[in-house]
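Asker: Sharing a structure below in structure tokens format, with a few things to ask.
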2 protein chains.
Amino acid sequence: MSKKNIVFVTGNVKKLEEVMQMFKNFYKDSVPFDLSNKNIDLPEHQGERDEICKMKAQAAFEIIKGPCIVEDTSLCFNAMGGLPGPYIKWFLKATGPIGLYRMLKGFEDKTAMAVCTVAYVNEQGEVNIFSGETNGTIIEPTAIETFGWDSCFRPDGYEITYAEMPKEEKNLISHRMKAMYKLKEFLDQNVIV
Amino acid sequence: MSKKNIVFVTGNVKKLEEVMQMFKNFYKDSVPFDLSNKNIDLPEHQGERDEICKMKAQAAFEIIKGPCIVEDTSLCFNAMGGLPGPYIKWFLKATGPIGLYRMLKGFEDKTAMAVCTVAYVNEQGEVNIFSGETNGTIIEPTAIETFGWDSCFRPDGYEITYAEMPKEEKNLISHRMKAMYKLKEFLDQNVIV
């Protein structure tokens, strides 16, 4: 029997690589499905994290017409009631990690929660949402730039930022890993037999 | 001949009142169309101001099936490359005007541009976009709270905030008035005969 194919809809090659590596880790290399990739520009709504991801997933399914995954990242500043949250990519693009650090200068609380929201859509178009969270602090960006806002996010319990960690270590504690692990457990129970 | 009816889609009663007053001022009370109101929850996308407004307008037309107006407000911090911009309502809701002021503490440039984007959709579903801009500075909010972020926005050339101005004065210089005036000129030329 051939493996089920699941399409990960993303234009971010680094994200795709990271997620493929995660599934290899979860399954000790023998991943029971194929993960392919499609880069489609999907509409993103304003609103609550889960709702944004759900609507994006439904839009993806309209095009893919088969099992697919979409993913969203939020960076939630506790001092700002969870914002920029799902809008973080626009802020990052406009100001870079240094701007994110500056945004919090006027607030005492520098803590933040990194959230990965993943939606899996099955053959029938049913959407399931999984999220993973990692708490940390926004600090002045380190010289090491990897991708996104990694250079200004220091996860709780560490003296270094996401950017300064070896990739393998980041993938053990990251918000994305936690969300993908929940997805893996769901797939194990509901999809893969 | 009866007047054409145009539906202003908004849930914000203060905005509706403000706009009705503006049209009365523009037309010296004899407004050549009826402006009615409908409160519909329209989807809002992420992206560029004009695009967000256009998509909202198209969604409104799908429901109204006739001439309608939608409106969006952005507050663009120059130090942040124009953000929060169209996401300002989420930030205002989460932090209040004081939070907007604090967000800029870490930046030298405290200037901001208030932008009103208006979309008019005609009987055929064609969308036209008009925008009005007012430059100013974000200051520590004044004790006087009116609505939105008026208490922390001081327009250029004034020593007081939007919130501290008499309504009539604000309506002479506001971003919303400028956008509505452009709409008025368009309606005069294209719609009202």
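Asker: Restricting to region B:121-157, count the residues that are of a type in the set (D, E, K, R) and not in a loop (DSSP other than H, G, I, E, B). Walk me through it before giving the result.
Answerer: So the first thing to find is which residues in region B:121-157 are of a type in the set (D, E, K, R), and the list is B:123, B:126, B:133, B:140, B:145, B:150, B:154, B:156.
After this cut, where a residue has to be not in a loop (DSSP other than H, G, I, E, B) as well, the list is B:133, B:150, B:154.
Looking only at that region, the number is 3.
Asker: Considering only region B:124-149, state which residues are modelled with pLDDT under 95 and of a type in the set (D, E, K, R).
Answerer: The one that is modelled with pLDDT under 95 and of a type in the set (D, E, K, R): B:145.
Asker: I'd like to know if region B:134-155 contains one or more residues that are crowded, with 20+ Cβ neighbours inside 10 Å, touching a residue at least 40 places away in the same chain (Cβ under 8 Å) and touching a His at 6+ places or on another chain (Cβ under 6 Å).
Answerer: yes
Asker: Between residues in region A:10-29 that are in contact (Cβ under 8 Å) with a residue 40 or more places away in the chain and residues that are assigned to a loop (DSSP other than H, G, I, E, B), which pairs lie under 8 Å by C-beta distance while being six or more apart or on different chains?
Answerer: A:10/A:39; A:14/A:147; A:23/A:31
Asker: Looking at region B:100-124 only, could you name the residues that are in contact with a helix residue (DSSP H, G or I) (Cβ under 6 Å, 6 or more places away or on another chain) and either over 16 Å from residue B:71 (Cα atoms) or polar (S, T, N, Q) (or both)?
Answerer: B:100, B:101, B:103, B:106, B:107, B:109, B:111, B:117
Asker: Please state which one of A:130, A:33 is aromatic (Phe, Trp, Tyr), touching a Leu at 6+ places or on another chain (Cβ under 6 Å) and under 19 Å from residue A:8 (Cα atoms). Write out each step before concluding.
Answerer: Values: A:33 fails: touching a Leu at 6+ places or on another chain (Cβ under 6 Å).
Exactly one of A:130, A:33 is aromatic (Phe, Trp, Tyr), touching a Leu at 6+ places or on another chain (Cβ under 6 Å) and under 19 Å from residue A:8 (Cα atoms), namely A:130.
Asker: Any residue at all in region B:156-179 that's in contact with a Gly (Cβ under 7 Å, 6 or more places away or on another chain), of a type in the set (A, V, I, L, M), open to solvent by less than 10 Å² (accessible area, probe 1.4 Å) and closer than 27 Å to residue B:30 by Cβ?
Answerer: Taking region B:156-179 and keeping what is in contact with a Gly (Cβ under 7 Å, 6 or more places away or on another chain), we get B:156, B:175-179.
Narrowing further to those that are of a type in the set (A, V, I, L, M): B:177, B:179.
If we keep only those that are open to solvent by less than 10 Å² (accessible area, probe 1.4 Å) as well, we get B:179.
When the remaining residues are screened for being closer than 27 Å to residue B:30 by Cβ, the result is B:179.
So far as region B:156-179 goes, yes, one or more of its residues are in contact with a Gly (Cβ under 7 Å, 6 or more places away or on another chain), of a type in the set (A, V, I, L, M), open to solvent by less than 10 Å² (accessible area, probe 1.4 Å) and closer than 27 Å to residue B:30 by Cβ.
Asker: Return the pair list, or none, for Cβ contacts closer than 7 Å from residues in region A:61-75 that are free of Cβ contacts under 8 Å to residues at least 60 places away in the same chain and among the polar types (S, T, N, Q) to residues that are assigned to a helix (DSSP H, G or I) and surrounded by fewer than 19 Cβ atoms within 10 Å (Cβ to Cβ), at least 6 apart or on different chains.
Answerer: Note: no pairs meet the criteria.
Asker: Step by step: first the residues of region A:87-103, then only those that are aliphatic (A, V, I, L, M) and more than 7 Å from every other protein chain (Cβ to nearest Cβ), then the one that is nearest to residue A:132 (Cα to Cα). Which residue is that?
Answerer: Here is the first cut: in region A:87-103, the residues aliphatic (A, V, I, L, M) are A:88, A:92, A:94, A:98, A:100, A:103.
Subset that is more than 7 Å from every other protein chain (Cβ to nearest Cβ): A:88, A:92, A:98, A:100.
Working: A:88: 16, A:92: 21, A:98: 25, A:100: 21 Å.
Here the residue is A:88.
Asker: Say we look at region B:29-86 and pick out the residues that are at the interface with chain A (Cβ under 10 Å from one of its Cβ atoms) and aliphatic (A, V, I, L, M); which of these is farthest from residue B:121 (Cα to Cα)?
Answerer: Here the answer is B:79.
The values are calculated or read from the model by the stated rules, or taken from the named source; none is laboratory data. This is a predicted model, so every value here is computed, not measured. Here the Cβ is made from the backbone with ideal geometry for all residues, glycine too, and neighbour counts use every protein chain on show. Keep in mind that these areas ignore ligands, DNA and RNA; they rest on the heavy atoms of the full protein, side chains included. Shrake-Rupley method; radii C 1.70, N 1.55, O 1.52, S 1.80 Å.
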